[in-house]
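Please treat every number below as a calculation from the coordinates, not as lab data. What you see is a predicted model, and the numbers here were worked out from it, not measured in a lab. Note: ideal-geometry Cβ built from the backbone for every residue, glycine included; neighbour counts use all protein chains shown.
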């Protein structure tokens, strides 16, 4: 297992496209659901235990060798919003491009051929982690942390929130990120044994509704 590879993959400067996405924060700010560090923390906690758990399980299962095509279909089934499915595939395509340059592997080449428009980002993340020599736990942690760090970073820009406050939110959520990542790995091991019906299906209806609303805006700061 390469800790250096994990640091590269988790680094916000890794060109995977996440900086252009708010994880639903832009729509939540517009709707008045995020107005401060406290409401940002509530938003991130909800996202972590729903989208973050699902993403972590998908990523960890991909590291364990579950067929990416089956995982991608499971991700589609757990993402009702066409806007969110499109965003996940764009992020997956960009991550595939960056990873092919960083950790060339046959599995990544196969993924690029199989999904020319991109597989779901968590599935790609797992295949990338596998190519980089990382463990299921590493992929789950990356996915879980990304589910909260993206909205926190976006909210700094959207509300001119003090970045120290946003970082405090992430620090307070750290123990929960640990627990969600652990639960995601446990679920991924069940997926490897029993199939994709074992992938968690935690949902955030307001995230789905907000994504469709956001997709129709004529002017917006983030792609999703």
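With the simple model of a label 7 Å out from the Cα in the direction of the Cβ, residue 220 to residue 194 spans 3.6 nm. Computed from the C-alpha gyration tensor, the three semi-axes of the ellipsoid equivalent to the stretch 3-215 are 26, 17, 17 Å, from longest to shortest. Put simply, when 77-87, 31-41 are sorted by average Cβ atoms within 10 angstrom per residue, most first, you get 77-87, 31-41. Placing a pseudo-label 7 Å from each Cα along the Cα-to-Cβ vector at residue 31 and residue 203 gives an inter-label distance of 1.4 nm. Overall size of the stretch 25-92 from C-alpha positions, given as principal axis extents largest first: 41, 22, 17 Å. For the stretch 123-218, the equivalent ellipsoid derived from the alpha-carbon gyration tensor has semi-axes of 27, 19, 13 Å in decreasing order.
The modelled label-to-label distance between residue 172 and residue 117, using points 7 Å beyond Cα along the C-beta direction, is 4.1 nm. Value of Rg to Rh for the stretch 95-138, rounded to two decimals, is 0.93; Kirkwood radius and Rg both from alpha-carbon coordinates.
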